[in-house]
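Structure first, commentary second.
Please treat every number below as a calculation from the coordinates, not as lab data. The model shown is predicted, which means the values in this text are computed figures rather than measured ones. Virtual Cβ from ideal backbone geometry, glycine too; neighbours counted across all protein chains shown.
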Amino acid sequence: MASKATPTFDDETLVRILRWKFRREHETVVCEMGLTGHDSAYQLRIDAASDPTGATTERFDDALAVFARHAMIEHVLIKAGWSLDGFESESLRH
């Protein structure tokens, strides 16, 4: 009779998420960057609280491309009067 194994800490994968929060007056935009669930691509998620369509997610094949896209978005926000309100990095299990 086989027993069902419970995942241990070593069996779980940690994924690093980078998160930038931009603010302009009472508006907030959050950009999150991380790997997809199978570590096959990078994701950049942009969530503007004032956007009624919700968050958008873009996928990239390599780290350089996702960082370049994030830098472009940050540049546009700063030129439009936004400021960086915070940055955090966290590890999530999946």
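Below, the figures for the structure above:
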item: Filter result (hydroxyl-bearing (Ser, Thr, Tyr) and either part of a loop (DSSP other than H, G, I, E, B) or under 21 Å from ARG93 (Cβ atoms) (or both)) within segment 26-75; result: THR36, SER40, TYR42, SER50, THR53, THR57
item: Close pairs from segment 42-54: first over 16 Å from TRP82 (Cα atoms), partner of a type in the set (Phe, Trp, Tyr), Cβ under 6 Å, at least 6 apart; result: TYR42/PHE60
item: Filtered residues of segment 76-85 (kept if surrounded by 11 or more Cβ atoms within 10 Å (Cβ to Cβ) and either touching a His at 6+ places or on another chain (Cβ under 6 Å) or part of a strand (DSSP E or B) (or both)); result: LEU84, ASP85
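Conditions (1) surrounded by 15 or more Cβ atoms within 10 Å (Cβ to Cβ); (2) of a type outside the set (Gly, Ala, Ser); (3) under 11 Å from the mean Cα position of the chain (by Cα), marked per residue:
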site	(1), (2), (3)
ARG16	no, yes, yes
GLU25	no, yes, no
VAL29	yes, yes, no
GLU32	yes, yes, yes
HIS38	no, yes, no
ALA48	yes, no, no
ASP51	no, yes, no
GLY54	no, no, no
ALA63	no, no, no
